[in-house]
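See structure below.
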Amino acid sequence: MNTPVKRWQSLLLWGGLTLAVVAVHLLGRAGLVSGYLLQILQLIGINIMLTASLNLVNGYLGEFAIGHAGFMAVGAYVSALFTVKWHLPFPLALLAGAVAAGFFAWLVGIPAFTTFGDYLAIITLGFNMIVVNLINNIDYLGGPRGLPGLPRATNLLWVYALTALSLLVLRNLVRSNYGRLWVAIRESDIAAELMGAEVRRLKLLALVIAGTIAGAAGALWGHLLQYIHPRSFDYIKSTEMLVMVYLGGMGSLAGSVLGATLYTALMEMLRGLKEWRPVVGPLILILIMLRMPRGLMGLRPPDLGRLLRPRREKGVAT
Amino acid sequence: MAGMAADRAAGPGAGAPPHPAAPPLLEARGVTMAFGGLRAVEDFNLTVQRGELVGLIGPNGAGKTTVFNVLTGVYRPTAGRIFLGGVEITGLPASAITRMGVARTFQNIRLFGGMTVLENLLVAMGFRAGYGLWDALVRSRRFREREAALRRQALELLDLFRLADKAERPARSLAYGEQRRLEIARALATRPRLLLLDEPAAGMNPQEGEELMQLIRWVREQFDLTILLIEHHMPIVMGICQRVLVLDFGRTIAEGDPRAIQSDPRVIEAYLGQQEVS
Amino acid sequence: MAIFIQQLLNALQLGGIYALIALGYTMVYGVLKLINFAHGDIFMAGAFIGFFLATYLKLPFVATLLGSMVLTALLGVTVERVAYRPLREAGAPRMSLVITALGVGLFLENFTRATVGAEPRNFPRLLETAAWDLGGVALTSLQFLIIGTALALMLALRYLVRHTLVGKAMRAVADNPEILGLMGVNVDRIIIFTFVLGSTLAAAGGILYAQAYPVLDPYMGIVVGWKAFIAAVVGGIGLIDGAMLGGVILGSTEVFVAAYLPSTYRDGIAFAILILVLLLRPTGLLGRPVVKKV
């Protein structure tokens, strides 16, 4: 579909990025790049996965989900179950975490999309709280003390591969019939339904994909920090993801990459603020809404169509 | 799914009464739609044969749009049954009814304003895109071929409606009359057998109305369609409808030849105080 | 039987508090069609303001209650002025308001945590609590006071909304803001009034809650606020009587369920009620079915 020149460009870009990541990874193993920097880079990748997947639901589909950390928690704990308790290999644990989170997203979506209005927000928020509450009460998973001893299986290559895969999946879907229908549902769900779109099924599909990616991100996160506890997945974490989505811009995958990167870096730089640091995130969110509601890369709705077009004759502007 | 529905629709209807010939394309029997205590439509009966162009008129609030909403599955009727080509469609979801060949436009234009003109049509073709999730994920050959084909079809349709040069513009940037045309084109993109037009000439001046009338006539022949038309502008109704149904307070008060209807005292009375009769 | 009566009192006590908070959700939703996610944190702020008034100024119960109500109302109005109104004036999509509300809520939580610290604070007992034993039922004057105060406030609100001019204007805005604006009614003023009422009741809820469960922490508004919102949805969002009914239903279910199941299931029960109501009667018990507009 792409013109040869465009294809060359993107090949060059991705090839160069991949080479750079592999180089940093190898330098890190040789001890030439600090472990701190490596960790930040991995956190950025994980946050990109979380942000871009949430953007699918909140940006493209135009719904309002605010419990994304719940899916992340499912991914983290299920994968930890596989590695810590059952001593199974990490790739399998990762897959299981992602699938389990996708399954929960499906469960959440069924009642949420049967009704209408703002109820998805309150149901996803509830789901988030119930998951945290449940983990708190399961001794086998460490309860409120958390679950230590996860193997350090996540590394920069894993994060890079899964971030790239997630973005590819999201991009390809968004620039297909599915993406067009999602945006149409956002514009007018009744008109979309009357054009033959099975609105509920399409909404569920988006939520399940988003949940699955968030689950994979959770699994990566757990095996990066090697210690998980329920409070790291509460509603505050979910709100953080929303900040990244809206900072980058709704309905823009490039925006999500940018938003997640900037926010993660900023939060690292603000470590000195100590207990005042958590005040910054919500302030940013409020300021974005007041001052630049479209986010950094947020496109005006008329431009959105251009983003979704499967074929591009003109140069890439986004 | 859609294919199955079409097969069923083509065969002799299961729930339909025994007909010597093919069953009527659309049949509504005793349809009533109540909201709480309010009966927006009561005991509505309508039979539309294939190829007919039937008008649905009546003063504001007579229940015309509600009839459309029931026929297209937006509302589930409180009582009564609806058949499409002899197959019962009562209570089916709106998307399923669209897939079986009923398309509509909206009284208050409901385009996907932020999407391009072309994409508006592609959305309407979405249910017969012909590729699945996997094809989209890996950009398979089938995906590329089907996308190209859908695009071609959409552009052809836009061409017929003189909108091809605006294909890449956001739908909301179109002029009013163009938006009305796009709504009809979008409905046709679902490949309907039955087209429901809800006041297509609303907000148009007489000349635009006249052009629209031509367009509707032409569309009907070109696409071999059956049309049910809600309209306020009497000249349009009189000009192109073969048969007219008059609703008032949810009830059918008259039915028949347009000219006869015009002089029917009940109709005149229903329209008293309404300025739009002419 | 004795246990039942005791549980019933507990249920009414908790339900009354939920109802007070639910009223704030439901009124703002009615007027602005906004889920005010910050409202649970307004409740938290009310409790903390009361804590400071009672601990450092040594105010008695009634003064603490009234003082907190006034100051919290001020906070609620400030939030409206600073965060919500500019968005409304800019004609921002409704979603932006909801997101902002979420941000404001989180800001209030983390700001409180940064200033008062993360460790839970003990709310002083402001009332002499008399306890009676009636044939095995332990009654405390505190319970009656909480239930009585909640009920009195709700009846006052109900009167205000039904029989005063400003209350009628509020209901009219809920029905049709554009027309009222065209008729020269100052819609902004009515919105401010709505926030004053909602925040006042939330503050009262906060003080009463702190008397019954005297441990405060900056994140206490999340769960309580979420349950109060469920109460509003169960009763029928936008309806004042619905909020009261929903509050009592949610409080009772929780208390009675906790009597038989480990208390950790309480949140799960609230969630189950929400899902059930949304599936069976999405407009709530007292709500009329909504007709899709095409």
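Every number here is computed from the coordinates shown, using simple stated rules; none is lab data. Model, not experiment: these values are computed from the prediction. Virtual Cβ from ideal backbone geometry, glycine too; neighbours counted across all protein chains shown.
Of all beta bridges DSSP finds with both residues in the range B:135-278, what is the antiparallel percent, to the nearest 5?
Details: 5 of 10 bridges.
So the antiparallel bridges in the range B:135-278 amount to around 50 percent.
Grab the DSSP H runs of chain C that are 4 residues or longer, score each as -39,500 (n - 2.57), total them, divide by all residues and round the 222 nm result to the nearest 500 deg cm²/dmol.
Values: 12 runs with 214 residues, N = 294.
Mean residue ellipticity, 222 nm, calculated: -24500 deg cm²/dmol.
So, in nm, how far is label A:Arg231 from label A:Leu92 when the simple model puts each one 7 Å beyond its Cα toward the Cβ?
Here the modelled spin labels are 3.4 nm apart.
Of A:Tyr36, A:Tyr77, A:Tyr178, which is the most mobile in a GNM of chain A whose springs link Cα atoms less than 10 angstrom apart?
A:Tyr36
Need one value for B:123-136: mean number of C-beta atoms belonging to other chains within 10 Å of its residues' C-beta atoms. Walk me through the intermediate numbers first.
Numbers: counts 12, 7, 4, 12, 6, 2, 5, 1, 3, 2, 8, 0, 3, 10.
So the per-residue partner count for this stretch is 5.
If each residue of separation counts as 0.36 nm, what is the full-extension length gain between A:Ala23 and A:Glu268 once their alpha-carbon separation is subtracted?
Details: separation 245, 0.36 × 245 = 88.20 nm, distance 2.33 nm.
Between A:Ala23 and A:Glu268, full extension yields 85.9 nm more.
Taking springs between alpha-carbon atoms closer than 10 angstrom, which of C:Glu80, C:Glu254, C:Glu128 fluctuates most in the Gaussian network model of chain C?
C:Glu128
Which one of C:Asn122, C:Leu155, C:Met220 has its Cα pushed farthest toward the positive end of the charge dipole of chain C, where Lys and Arg give +1 and Asp and Glu give -1 at the Cβ?
The residue sitting most towards the positive pole is C:Leu155.
By count of other Cβ within 10 Å, fewest leading, how are C:Lys227, A:Lys6 ordered? Show your work: numbers first, answer last.
Details: C:Lys227 30, A:Lys6 13.
Lowest to highest Cβ neighbour count: A:Lys6, C:Lys227.
Could you give each residue of the range A:261-273 its phi-based ³J(HN,Hα) in whole Hz, using Karplus coefficients 6.51, -1.76, 1.60 with θ = phi - 60°, and x for Gly or Pro?
After applying 6.51 cos²θ - 1.76 cosθ + 1.60, I find 5, 4, 5, 4, 5, 4, 5, 5, 5, 8, 3, x, 6 Hz.
For a paramagnetic label modelled at 7 Å from the Cα of B:Glu208 toward its Cβ, which residues of the range B:163-191 fall within the zone defined by backbone nitrogen distances under 13 Å?
From the range B:163-191, the list is B:174-183.
Quick one: order B:Met33, A:Met72, A:Met292, A:Met269 by neighbouring beta-carbon count within 10 Å, fewest to most. Display every interim value, and only then the final one.
Numbers: B:Met33 22, A:Met72 35, A:Met292 13, A:Met269 9.
With the fewest neighbours first, B:Met33, A:Met72, A:Met292, A:Met269 line up as A:Met269, A:Met292, B:Met33, A:Met72.
Amide H of A:Ile228: which non-local residues (sequence gap of 5 or more, or other chain) have their own amide H closer than 5 Å, using H built in the peptide plane?
Distant-sequence amide H within range of A:Ile228: A:Leu147.
Going by how many other Cβ atoms sit within 10 Å of their own, how do B:Glu208, A:Glu193 line up, fewest first? Before the final figure, lay out each step's value.
On the way: B:Glu208 14, A:Glu193 24.
The order, fewest Cβ neighbours first, is B:Glu208, A:Glu193.
Which value at 222 nm does chain A reach when only helices count, each DSSP H run of 4 or more adding -39,500 (n - 2.57), with the total divided by all residues and rounded to the nearest 500 deg cm²/dmol?
Numbers: 13 runs with 220 residues, N = 318.
For chain A, the value works out to -23000 deg cm²/dmol.
Using DSSP, restrict attention to beta bridges with both residues in the protein assembly as shown and report what percent are antiparallel, rounded to the nearest 5.
Working: 28 of 44 bridges.
Of the beta bridges lying entirely in the protein assembly as shown, close to 65 percent run antiparallel.
Once a ≥ b ≥ c are taken as the square roots of the eigenvalues of the Cα gyration tensor of chain B, is the result rounded (a/c under 1.5), prolate (a/b larger than b/c) or oblate (a/b not larger than b/c)? List each step's numbers first, then the result.
On the way: a/c = 1.97, a/b = 1.33, b/c = 1.48.
Here chain B falls in the oblate category.
Hey, can you rank B:79-92, A:130-143 by average C-beta count inside 10 Å, highest first? Intermediate values should be presented prior to the final figure.
Working: B:79-92: 19.4, A:130-143: 17.0.
By packing density, highest mean first, the sequence is B:79-92, A:130-143.
Non-local amide H neighbours of B:Glu42 (under 5 Å, H modeled in plane, Pro and chain starts lacking H): which ones?
B:Met33, B:Arg251
Can you give the FRET efficiency to the nearest 0.05 for B:Arg152 and B:Ser263, using r as the Cβ-Cβ distance and R₀ = 56 Å?
Efficiency computed from Cβ-Cβ geometry: 0.70.
For peptide A:118-128, what's the mean number of Cβ atoms from other chains within 10 Å of each residue's Cβ? Display every interim value, and only then the final one.
On the way: counts 9, 8, 0, 7, 10, 4, 0, 7, 11, 2, 1.
Mean shielding by partner chains, rounded to a whole number: 5.
Rounded if a/c is under 1.5, else prolate if a/b beats b/c, else oblate: with a ≥ b ≥ c from the C-alpha gyration tensor eigenvalues square-rooted, which is the range A:1-89? Write down the numbers at each step before the final one.
Details: a/c = 2.18, a/b = 1.10, b/c = 1.98.
Judged from the Cα gyration tensor, the range A:1-89 comes out oblate (a/c at least 1.5, b/c at or above a/b).
Based on Cβ point charges of +1 for Lys and Arg and -1 for Asp and Glu, what charge dipole magnitude is obtained for the protein assembly as shown about its Cα centre, in debye rounded to the nearest 20? Kindly include the intermediate steps, with their values, before the conclusion.
Values: 79 positive and 57 negative charges, 380 e Å.
Using Cβ point charges on Lys, Arg, Asp and Glu, the protein assembly as shown gives about 1820 debye.
What shape does the protein assembly as shown have by the C-alpha gyration tensor, where a ≥ b ≥ c are the square roots of the eigenvalues, rounded means a/c under 1.5, and otherwise prolate means a/b greater than b/c and oblate the rest? All intermediate terms of the calculation are to be shown ahead of the outcome.
Values: a/c = 2.06, a/b = 1.30, b/c = 1.59.
Here the protein assembly as shown falls in the oblate category.
Can you give me the long-range amide H partners of B:Phe106? Hydrogens built in the peptide plane at 1.01 Å from N, cutoff under 5 Å, separation of 5 or more residues or another chain.
Distant-sequence amide H within range of B:Phe106: B:Asp198.
Top mean-square fluctuation among C:Ala210, C:Ala118, C:Ala231, Gaussian network model of chain C, C-alpha springs under 10 Å?
Among C:Ala210, C:Ala118, C:Ala231, the largest mean-square fluctuation in the Gaussian network model of chain C belongs to C:Ala118.
How many lysine pairs are close in the protein assembly as shown, with Cα atoms under 19 Å apart and the two 8 or more places apart or on different chains?
Eligible lysine pairs with Cα atoms under 19 Å apart amount to 10.
Could you give the dipole magnitude of the range A:34-234 about its Cα centre, charging the beta-carbon of Lys and Arg +1 and that of Asp and Glu -1, in debye to the nearest 20? Don't skip to the answer; put the middle values down first.
On the way: 11 positive and 8 negative charges, 83 e Å.
Dipole magnitude for the range A:34-234 comes out near 400 debye.
Can you work out the FRET efficiency for the pair B:Thr78 and C:Leu280, with r the C-beta to C-beta distance and R0 = 30 Å, to the nearest 0.05?
Numbers: r = 19 Å, r/R0 = 0.65.
So, using R0 = 30 Å, E works out to roughly 0.95.
Across the range A:20-36, in residue order, what do the Karplus-derived ³J(HN,Hα) couplings come to in whole Hz, using 6.51 cos²θ - 1.76 cosθ + 1.60 with θ = phi - 60° and x for Gly and Pro?
Result, ordered by residue: 4, 4, 4, 4, 4, 4, 5, 4, x, 5, 7, x, 9, 10, 5, x, 4 Hz.
Hey, got the average number of other protein chain Cβ atoms within 10 angstrom for residues in C:109-121? Intermediate values should be presented prior to the final figure.
Details: counts 6, 11, 5, 1, 4, 7, 3, 0, 1, 1, 0, 0, 0.
Partner Cβ neighbours, averaged per residue: 3.
Using unit Cβ charges (K, R positive; D, E negative) and no other charged atoms, how large, in debye to the nearest 20, is the dipole of the range B:11-135 about its Cα centre?
Once rounded to the nearest 20, the dipole reads 100 debye.
Per DSSP H run of n ≥ 4, the term is -39500 (n - 2.57); total these for chain B, divide by its residue number, and report the mean residue ellipticity at 222 nm rounded to 500 deg cm²/dmol. Present the calculation step by step, with values, prior to reporting the outcome.
Details: 11 runs with 107 residues, N = 278.
The per-residue figure over chain B is -11000 deg cm²/dmol.
Only bridges whose two residues both fall in chain B count here: according to DSSP, what percent of them are antiparallel, nearest 5?
On the way: 20 of 36 bridges.
DSSP beta bridges in chain B are roughly 55 percent antiparallel.
With θ set to phi - 60° and the Karplus curve 6.51 cos²θ - 1.76 cosθ + 1.60, what are the ³J(HN,Hα) couplings of the range C:2-16 in order, to the nearest whole Hz, using x for Gly and Pro?
4, 5, 4, 4, 4, 5, 4, 5, 4, 5, 5, 4, 5, x, x
I want to check the label-to-label distance for B:Asp165 and A:Leu287. Put each point 7 Å from Cα in the C-beta direction and report it in nm to one decimal.
4.8 nm
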